[in-house]
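Engineer: Below you will find the structure I want to go over with you.
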Amino acid sequence: MQALQQTGPVDAKKYFQASLLLEESNHWARAYLARSLYSLGEWQNAEQVFNAIPTEITTTDVSLGAFIQYWRSELAYRRGDNDVNEQINSAIKKAEATTDTKLMALSYRLKAKIAWQQMDWPAHQTWSTKA
């Protein structure tokens, strides 16, 4: 995670891939690998890696589920998917359930971006304030 923040997604991708070679069932490493792929613009690969994480794991580990849902929302937003509002609403709900303030703020900011694009200024103000 330090490599992702300090030296970038290229280095981080290598570390997370190595981590998965050592411990294939490390779902957080898999999620961060997908996050690194997202940063590299490898969106299809990122989606596939997220999909490789079993749903049972994301429902058991609610923090992991919230993390994955936020990044899936980012992917949907970047691709211009029609269901982006449902995706981000799910991300907000999951982030609030975990009380992860960082994920909540990121989710609120994404919701504010969507409101800005739709020229819904009151909603933009509301979500920006929440963030």
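The values are calculated or read from the model by the stated rules, or taken from the named source; none is laboratory data. Every value quoted in this text rests on a predicted model; they were computed, and no experiment measured them. We place every Cβ from the backbone using ideal geometry, glycine too, and count neighbours over all the protein chains shown.
Engineer: Do we have A46 as over 11 Å from the mean Cα position of the chain (by Cα), in the same structural domain as G8 (by TED's automatic domain parsing) and not charged (D, E, K, R) here?
Structural biologist: no
Engineer: Say we look at the stretch 61-91 and pick out the residues that are among the β-branched types (V, I, T) and buried (at least 19 other Cβ atoms within 10 Å of the Cβ); which of these is farthest from the chain's Cα centre (by Cα)?
Structural biologist: Out of the qualifying residues, it is V84.
Engineer: Do you know which residues across the stretch 35-60 are more than 21 Å from K93 (Cα to Cα) and either crowded, with 18+ Cβ neighbours inside 10 Å or among the β-branched types (V, I, T) (or both)?
Structural biologist: Restricting attention to the stretch 35-60, the residues satisfying the condition of being more than 21 Å from K93 (Cα to Cα) are 36-46, 48-49, 52.
Answer for the stretch 35-60, where residues must be more than 21 Å from K93 (Cα to Cα) and either crowded, with 18+ Cβ neighbours inside 10 Å or among the β-branched types (V, I, T) (or both): S36, L37, Y38, A46, V49.
Engineer: When N51 is evaluated against the numbered criteria (1) touching a Phe, Trp or Tyr at 6+ places or on another chain (Cβ under 8 Å); (2) closer than 15 Å to R35 by Cβ, which criterion, by number, is the only one it fails?
Structural biologist: Just one mismatch for N51, condition (1).
Engineer: Could you name every one of the helices (runs of 4 or more DSSP H) located completely within the stretch 1-40 that has at least 2 residues being charged (D, E, K, R) and at pLDDT 90 or above?
Structural biologist: Of the helices (runs of 4 or more DSSP H) lying wholly inside the stretch 1-40, those with at least 2 residues that are charged (D, E, K, R) and at pLDDT 90 or above span 27-39.
Engineer: Oh, and also: Quick one: is D11 under 20 Å from S90 (Cα atoms) and either assigned by TED's automatic domain parsing to the domain that holds G80 or without any contact (Cβ under 8 Å) to a residue 12 or more places away in the chain (or both)? I'd like the intermediate steps shown before the answer.
Structural biologist: Values: under 20 Å from S90 (Cα atoms): no; either assigned by TED's automatic domain parsing to the domain that holds G80 or without any contact (Cβ under 8 Å) to a residue 12 or more places away in the chain (or both): yes.
Here the answer is no, as D11 does not meet what is asked.
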